[in-house]
Each structure stands twice: as C-alpha cells, then as structure tokens.
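The values are calculated or read from the model by the stated rules, or taken from the named source; none is laboratory data. No experiment lies behind these values; they were computed from the predicted model shown. We place every Cβ from the backbone using ideal geometry, glycine too, and count neighbours over all the protein chains shown.
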Amino acid sequence: MSTPVAKLEPTLSCTTLDSKGATWREWVLDNLQRGCKPQTMLENMTAKVWDIETAAQALDEALALLKQPSDWRSSRPYINTPANYLDCGDRVAQVLFSLLNPRIVLLDNLLSQQECDTLIELAEQKGIKKSSVVDHESGQFVDHDGRSSSGSYFTRGENEHVARIEKRLAAISDWPVTHAEGLQILKYEPGQEYRPHFDWFDPSKPGSAKQLARGGQRLGTFVLYLTDVEAGGGTIFPTLGVEVCPRKGAGVFFADVDETGKPEQKSLHGGSPVIKGTKIVATYWQRENSY
Ligand SMILES: O=C(O)CCC(=O)C(=O)O
C-alpha cells in the first residue's frame, strides 16, 4: 500500500503542486510513489489542464516531497535568467526578453561590434555561397526555394575568434562546447529570406538518420545578429506570433526540444525577407552528443 499523502512532510512548500487542487496533488504523488515515470506523467498532465512548465515544476515539488531523485528532466542547453544582466565569462549581456515555454531568450551585447565585423570579414575571406538545406529524405544538402540567403561555415574552433564566441555561448547555455556544430554565417540581401522551418531533425524521416548519427538531435539554436538592418529581416516564430528584430551584437537563443527532449513544435522559425539593408547572422546549433 502506498504511504498516505497526508503523512508526507506537509511543511515543504508545494505551491505549484497544490495549484490545481487536492485531486491533482494526490494523482501526482500517488503515481510517483507507484513508480510512474515523470516524463509520462508530464505528457498526461499537459494533455489535461496543465501547461508544461507548471506541470514540470509540480513534479519537481512532488519528487522533493517524496525524496525521490529529481534528475528526470531532459538534459538540454538552457539559459537561466535570474537577473537582467548575464555574466558570459568575458562580457556581460543584457536580457531583453525571456519566454519559458518554449524557451526563448533574447540577449543584447552578446557580441561586441568589433567581434561582429571580424566574424563577417573571416566569413568573406572563406567565401559566401548560396545556402542549402538538409533534404529530409536523402540527408544531403540541397538548394531550396524557401532559402534564398547565401552563407559560409566555420568548423568548430576554426580560429581564436570563433573559439572565443563558441566558448561564451556554451558557458551561458550550460552546454559543452564539444556538443555543437561550427558557426554558420548567413547573409541576406533585400528580398532574401529563410522560410519557416524547424532546426531539429525529424526522427521519422529517412534522411535524418545520417544527421542524427553524428552528434544526435539538435537541442538548441543561437542566432547572432552581426549587422543592423534598416527594414525587415526579423527572426519570426509564426506559431507564437513573435518577431525578433535584428540588432548588431544581439542574439536570440531558442530550445529545439521541449522539457522531455521531444522536438519542440513551437520552435518553428524563419528569417523574414529583408526589405532594406543587409542582414548577416551567425547560427550556432547545439547537439545532444559530441559533434
Ligand atoms: O535568419 C534568421 O533570422 C534565422 C536563421 C535560421 O532560421 C536558421 O539558421 O535556422
């Protein structure tokens, strides 16, 4: 027989666990005591009245109450924003916007103006070519109508400049620098865009196997803005109705997977057409495993 819920240390704060009433509290505690997996319970809870962050918090509170291990959350890059300024190790960025679910954080002053210019110069020295996309069926890089930008790739740690920026991004998102692809530079002239897409690889598509075999799933994305853009060129999240306007030195981070590690449907995003000016961004993708 399970321990009666009333006998569990009532002094522990369970604000979130209690927020949907006694029946939910009992359901959560009872199922955890029976050995149900928190991830499965999270799915059941979010299919009913809970939103994912609150449900996850309620599960954490219940696990603490039951003195059960609390390491059930999927491990993924995550930016904590306890204050409006974020110490990046070698500089301080300012938090301008933060969304919990899906996790999106907009940071200003992530790169200095000089760092942006140097990254562009280094990319131009390598050569900027028409961008491609990964074909879901074949796993090959192919041209695509939805992506009219041009770009260039750095390998991870290719030079000191790139390595310093990667180290900073890894530090603020608490994710190893080894678990990431090299920076990708994208350049958009007026009229060019990147239509809405997901950065995660769809495990059900044959072409994803090749991508997933090296480094596993993409878990988090940074888009770093290397230029100011006069009009257009925002990073759009159509499902959320959110648009991030480019600003030189700023960067947006978003999670590609949810709390349970599943592809985040709300991470649908794209680069809207540039109307006036030139938009140049650096994209940094963080992987599940060493890449
Ligand atoms: O250009 C942007 O704002 C977004 C870039 C993007 O969607 C990507 O690189 O996956």
Being charged (D, E, K, R) and outside the structural domain of residue 235 (by TED's automatic domain parsing) is the requirement here; does residue 156 meet it?
no
Quick one: would you say residue 279 is more than 12 Å from the ligand (Cβ to nearest atom) and touching a residue at least 24 places away in the same chain (Cβ under 8 Å)?
no
Failed item in (1) away from the ligand (no atom under 16 Å from the Cβ); (2) over 18 Å from residue 78 (Cα atoms), with residue 260 passing the rest:
(2)
In the set 180, 213, the lone residue that is away from the ligand (no atom under 12 Å from the Cβ), under 22 Å from residue 150 (Cα atoms) and out of contact with any Gly (no Cβ under 7 Å at 6 or more places or on another chain) is 180
What is the number of the single condition among (1) surrounded by fewer than 16 Cβ atoms within 10 Å (Cβ to Cβ); (2) at pLDDT below 95; (3) within 16 Å of the ligand (Cβ to nearest atom) that residue 230 does not meet?
(2)
Selection over region 10-51 where residues are outside any helix (DSSP H, G or I), at pLDDT below 85 and closer than 20 Å to residue 101 by Cβ yields a count of 1
Which condition number does residue 191 fail, the rest of (1) assigned to a loop (DSSP other than H, G, I, E, B); (2) within 13 Å of the ligand (Cβ to nearest atom) being met?
(2)
Report whether or not residue 240 is at pLDDT 95 or above and part of a loop (DSSP other than H, G, I, E, B).
yes
Among (1) surrounded by fewer than 17 Cβ atoms within 10 Å (Cβ to Cβ); (2) out of contact with any helix residue (DSSP H, G or I) (no Cβ under 8 Å at 6 or more places or on another chain); (3) at pLDDT 95 or above - the single one residue 166 does not satisfy:
(1)
